[in-house]
Each structure stands twice: as structure tokens, then as C-alpha cells.
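Notes follow once the structure below has been shown.
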Amino acid sequence: MTGAETARPDGLDRALQELARAASHGDRLAALADVMREAARLARSGPGRLPLIERCEAEVEVRVTLSRALSALLRESSSLGMLAEGGLPNDRGLLPEAFDRLTRRLLPRANDQSDLAHTLASLLRAGSVYQRLDDIPVEALERLFVCLDKAGLDVRPLRDAAHEALLLLATRVAALGLTEAMRARTDELAVRASPFHLLLARTQALVDELEAGESGPALDAWRACAAGVRDACAGVHKNLERAGVSLDLVFAIDFIEAALLRMEQLAAVFVAAGRQQGAQAAARLWLDLERARRDEGSLRALFRQNGRLLAKRVIERAGETGEHYIAVTRAEYAALVASAAGGGLLTTLTAAIKLLIHTLGIPLFVSGLMASLNYAVSFVAIQHLGCTLATKQPAMTAATLADIMQRVGPERIEELVTHVARIVRSQLAAALANVALVAAGAWGFAALWRLTTGRPFLDEHDVEYVLESLHPGHSLTIFYAAWTGVLLWASSLIGGAIENWAVYRGLPQAIAEHRLGRRFGAERMRRLARFVERNLSGWGVNVSLGFLLGMSPALGSFLGLPLDVRHVTLTTGMLALALCALPGGGLSDPRLSMPVIGIAVIFVLNLSVSFGLALWVALRARDVQAADKRAFGRALLRRMLRSPLEFVLPPRDSRTEGASLQ
């Protein structure tokens with residue numbers, strides 16, 4: 001060995017000697033931090049080395065020193081917060097919690113030595129190797145806990161805190177489970193028979209049994225009650241899908257499930273049969289607590305958790321809306337094309353009004369407001385006339401696909417691929433029909449305008465503006481098209497949230513039962529309620545999309561950001577109107593080629609960005625596993641290479657695609 005290598009153990013020896021001499025809480029913490037630093041330094045000298053654990057197993061004096069120091073640490077610190085709250089979901093809200101975590105990172109924070117969680121966090125920071133304890137094998141932690149137990153580690157303060165944590169967690173679970181919103185969505189309405197109410201008594205009996213050093217009937221009764229709580233939460237979940245999703249209820253269910261798991265982990269440590277099993281249960285609990293400690297300060301973990309909750313809130317009902325955008329048979333395919341053709345013709349007038357608003361030269365905010373109203377009225381008219389605008393399809397069909405992925409599972413992956421083929425060809429057909437008919441409608445509109453007024457709809461300056469704005473190289477068309485895809489996706493979330501809000505609060509039922517029924521008739525009010533329920537989501541999507549598209553340029557100008565929009569159907573109509581103002585219809589104009597390429601880019605980005613974002617959110621909401629996603633991607637690629645036409649046209653007999661999805 002070199003001199004440096006032989007000197008390294010001396011540092012750990014000196015740190016352990018200081019720990020043995022430490023008489024106060026502060027001295028013990030400083031000495032333990034030195035022990036962690038020296039152990040981490042030694043661990044870096046070779047892969048897989050765990051010098052502190054190895055020294056505890058080999059030397060009685062080392063494990064006795066550590067055991068005495070940790071026993072004193074447990075007596076002098078409170079571990080209730082760590083066991084009962086650490087890593088469990090919080091109800092403070094996304095923004096307040098994010099601000100608090102950010103300030104904790106940026107500002108110095110006093111170390112609360114009376115809190116075991118803060119104390120352990122400071123010790124773990126002292127040794128970089130031990131800062132992520134989940135990198136250490138659970139078997140190694142088991143060995144450490146066995147050594148400390150043999151050396152007489154006094155876990156009575158930790159055991160008492162665990163008993164208190166069980167009671168505290170049971171109280172919080174019962175309080176959440178017995179709220180009016182939860183009771184209204186469970187099958188058992190009697191409070192005294194509710195598993196949430198019974199959990200308090202069962203937990204108290206379990207704690208009494210554990211304090212008496214026994215484990216038997218009370219543990220079995222508690223486990224049965226916990227199973228009843230989980231069944232009740234599952235029932236609430238089913239009712240949420242049918243009656244609307246509340247973020248508060250989703251949080252409550254998440255907390256209840258996490259709290260029950262923590263209670264099971266705590267009980268497992270004290271009912272384990274034998275030292276080895278107890279050490280194993282303690283090691284697993286410790287690793288979970290360490291992961292929770294790390295995530296408590298992580299902004300990424302916060303946004304990941306809340307993002308999943310928000311996704312569940314707005315996606316649960318979106319899959320139903322997407323079904324009518326998917327054509328299976330050739331008859332449905334033809335109907336979809338006809339519907340999209342109507343949408344394209346109606347968008348012609350929308351594009352013409354948009355260009356008229358641009359030529360007025362009015363203030364940007366007023367221009368944005370007028371454009372928003374133009375878009376919103378047009379989109380709502382398309383909805384009520386039974387027509388289709390292709391760019392609204394992806395966000396809805398993505399939710400449907402994610403729902404089917406969760407329902408069908410990886411064992412029927414080919415059926416999922418068949419469904420994707422249906423989605424792709426449906427969206428292509430609708431988009432192409434939109435583009436073709438809006439162009440044809442623009443030509444007809446321009447001809448009628450020239451015949452009526454004797455002049456072209458647009459002058460040379462406006463034509464130049466349209467051609468230049470669609471040039472993919474001379475403008476930010478690529479970015480604007482992608483941004484429009486984001487807005488298309490955002491409008492689907494808004495529409496889903498509005499529908500969910502209305503259903504959760506029983507708005508259709510309230511309309512049907514309104515006192516105006518005495519004047520206008522109860523049946524009319526029921527028809528109005530059905531009409532609102534059927535169209536509310538579409539209204540939310542269309543009106544929000546109109547204002548997102550119309551006000552985005554005004555907001556971008558106010559903020560100094562490039563936030564213009566490029567919607568494929570609208571821009572196609574604008575380009576066709578501009579070409580009609582040129583001699584010979586503009587088809588021979590050398591400037592035409594780049595705007596046409598720009599339209600193609602907009603086509604691809606509008607659909608792909610909105611579908612990709614919607615699918616990502618839907619997969620998060622449905623908790624689809626990564627392995628299922630990879631298997632699905634491989635199967636999709638194989639089908640595209642083997643049968644590319646299936647993604648363009650439906651077969652003559654839809655049964656040849658395979659079994660339909662049930």
C-alpha cells in the first residue's frame with residue numbers, strides 16, 4: 001500500500017474516537033458528520049466499498065460507538081414529523097409549495113436540531129456517497145441495522161414516535177375519507193360502518209397491541225380495515241370518472257393510499273419475526289424515507305406529482321369526446337370527409353374576415369379581440385352544423401388512445417396499433433378535406449367578390465404580406481406552427497376542464513330541475529340540460545381556442561415575444577385568397593412555392609405537436625407503464641412498414657383489420 005492509502009483509515013478512526021468522546025448533542029452531530037465524510041472518502045477508493053458497514057461488522061468497538069451515539073441522537077430529536085409527514089402528498093397547492101421549495105434552496109436555513117429529519121439531512125450531506133442512500137443495496141443496510149441491534153441500539157424513542165405516527169396518520173385518513181365529497185361518492189353512507197371511521201379504533205387497538213409486545217388479532221383486524229379503505233377509494237375513483245374529477249378528491253385519495261402504505265411499513269418493522277426480518281423491514285422503510293426526504297426539496301418531483309394530478313383532472317372524460325373523430329368503416333370515413341369539407345368551406349369566411357381585420361389598421365388589442373370573436377363564432381358554428389375542423393382532432397383522439405392503452409394492455413398490442421391506424425387516416429382525411437375545401441371556397445369567395453365589387457379582395461400590399469408571412473425561411477412560420485399546436489392542445493384541456501367542472505357540480509341536473517321549469521315546462525328544461533351537457537365541452541374548446549389564437553399576437557407584442565399563430569386551415573384559406581388577387585390566379589407566380597412548403601410545415605406541426613402533447617398528458621393521467629409504451633412503439637413501426645396504406649385508407653371490410661376494441 002502507498003502512504004496515502006494507509007493514512008485513510010486513520011481519518012475514520014479519529015472521527016470514531018471523537019464520536020465516542022462527544023458529550024453534547026452538538027458535539028455528537030459534528031462527530032457523526034466527520035464519520036460520514038471519512039466513510040465517503042474511503043468508499044470512493046474502490047467500487048462497491050462500504051467501509052463504515054464493514055468496520056461495524058468486523059469491530060465490536062465501532063458498532064458500540066455508533067450505537068451509543070445514535071441512541072442519544074434518537075432521544076434528543078423528534079422523529080414524528082419524519083415518520084408521519086415526510087414524503088407524503090401535501091395540500092398546500094402547487095404554487096405556494098414551489099415558492100417555498102425555491103426559497104429553501106436560495107436562502108440559508110437554520111438547522112432544527114430537535115427534528116430528526118433535519119438532523120439526518122445535514123449528516124447525509126456531509127458524505128456525498130451517502131447522500132443518495134437508495135444507491136446502497138438494501139442488503140447492506142440490513143447488515144448495518146443487525147450490527148447496531150446487536151450492540152444495543154435504543155430504539156424506544158423511535159418506536160414511540162412510530163406509534164404516534166400510526167395514530168396521526170389514521171386520524172388524517174379518517175378526516176379525509178369522511179368529508180362530504182368523499183362520502184357522496186362511496187357506496188357506504190353510514191358513518192359508523194365506514195372503514196374510514198373504523199380505522200381510528202383499529203389503529204388504536206393495533207398500537208395498544210404493539211406497546212404490549214404482541215401481534216395477533218388487532219393486526220389482522222387493522223389489515224382488513226385498511227383493505228376496506230382501499231376498496232372505498234377505488235369506488236370513489238370509479239365515481240369520479242362518471243361524475244367528474246375534483247383535484248381535491250384526487251389529492252385525498254393519493255394521500256390516503258400513501259398513508260396506508262406508510263402505516264403498513266411502520267407496523268412491519270415492529271411485528272417482524274426475528275432480528276433479520278426486522279432489519280429488512282427497517283431498511284426498506286429507511287430507503288423510502290430517504291427518497292421522500294430528497295423529493296421534499298425537489299421542484300422537479302413537485303411538478304411531476306402535481307402534473308399527474310392535473311392530468312387526471314382534465315383527461316378522465318376526454319376519451320369519450322374523441323371517439324366520434326375516428327372512422328372505422330369506409331362509410332364512416334366518407335362521412336368524416338364530408339364533415340371536414342363543410343368545416344373547410346365555413347373556414348373560408350373566417351379567413352376572409354381575419355384578413356379584413358388586418359387591413360383595418362386598428363390597435364393591436366382591438367384587432368386581437370375582433371379576431372378572437374371571429375374565430376370563436378366560426379368554430380362554434382362548425383360544431384353546431386355538424387362539421388369538423390381537423391386540428392381539433394389530435395388532442396381528443398390522443399386521450400382516447402391512452403384510455404384504450406390502459407384498458408387493453410400490452411397483451412393485445414396489435415389492436416392498439418389498429419386503433420392508431422384508424423386515428424392517423426381519420427386525421428389525414430379530415431385535414432386534407434379541410435385544406436382542399438377551404439382553398440376551393442376561397443377561390444369561389446374571391447371570384448364572387450371581384451364580380452360584385454369589380455376589384456380583387458386583397459391589394460398588392462396585402463398579398464405580399466400573406467406570401468411573406470408563410471415563407472418558412474423568411475418568417476418564424478415553423479415556430480408559429482408549433483406554438484399553434486400548443487394552443488390547440490391547451491384548448492382541449494380547457495374544454496375538458498370546463499366539462500369536468502360542470503359535471504362534477506351537477507350543472508346539467510341543476511338546469512333540468514331549475515324553477516324556470518314551472519314557467520317554460522319541465523320537459524323543455526330537461527332538453528336544455530341535455531343540450532348543455534352534450535355541447536359544453538365543445539363550447540369550451542372552441543371559444544378558448546378562438547381567444548387563444550386571436551389574442552396570442554397581441555399578448556406577444558405586449559411582452560415582446562414572437563407569439564403569432566399559423567393554423568393550417570386558416571392560413572390555406574388566406575393563401576388562396578391572396579393568390580386569387582394575382583394575375584392568372586397566381587399559380588404561375590414564382591413566389592408561390594415557398595408559401596406552399598410553409599403550409600405543409602404548418603400541417604405537420606399543428607397536428608403532431610397537439611397530438612404529441614395530448615398523448616403525453618393522457619399517458620401520465622392513465623399511468624401507462626414505460627415498457628408498454630416501448631412495446632407499442634415497436635409494434636407500430638412494424639405495422640407501418642408492413643401495411644403503410646392502412647394508415648391512409650380504411651379497408652373495404654373493417655373486420656380485416658382485426659378484432660374491434662371492446
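Some observations on this one:
- Gyration tensor over the Cα atoms of region 154-226: the corresponding equivalent ellipsoid has semi-axes (square roots of 5 times the eigenvalues, largest first) of 27, 14, 7 Å.
- Projected onto planes of every orientation and averaged, the convex hull of the alpha-carbon atoms in region 529-574 covers 4.4 nm².
- For region 326-648, the share of alpha carbon pairs falling in successive 10 Å distance bins from zero is 6, 23, 31, 23, 13, 4, 0 percent.
- Taking the fewest neighbouring Cβ atoms within 10 Å as the starting point, the ordered list for Lys354, Lys150 is Lys150, Lys354.
- Backbone amide hydrogens, once placed in the peptide plane, bring Ser78 within less than 5 Å of Asp115, Leu116, excluding anything fewer than 5 places away on its chain.
- For the pair region 489-528 and region 552-574, the centres of their Cα atoms are 33 angstrom apart.
- Whole-angstrom gap from region 411-431 to region 436-483, using each part's C-alpha centre: 33
- Compactness of region 332-378 - radius of gyration and Dmax, Cα, Å: 14.0, 45
Coordinate-derived values only; no laboratory data. Not measured: the values here are computed from a predicted model. All Cβ positions, even for glycine, are placed from backbone atoms using ideal geometry, and neighbour counts span all protein chains on display.
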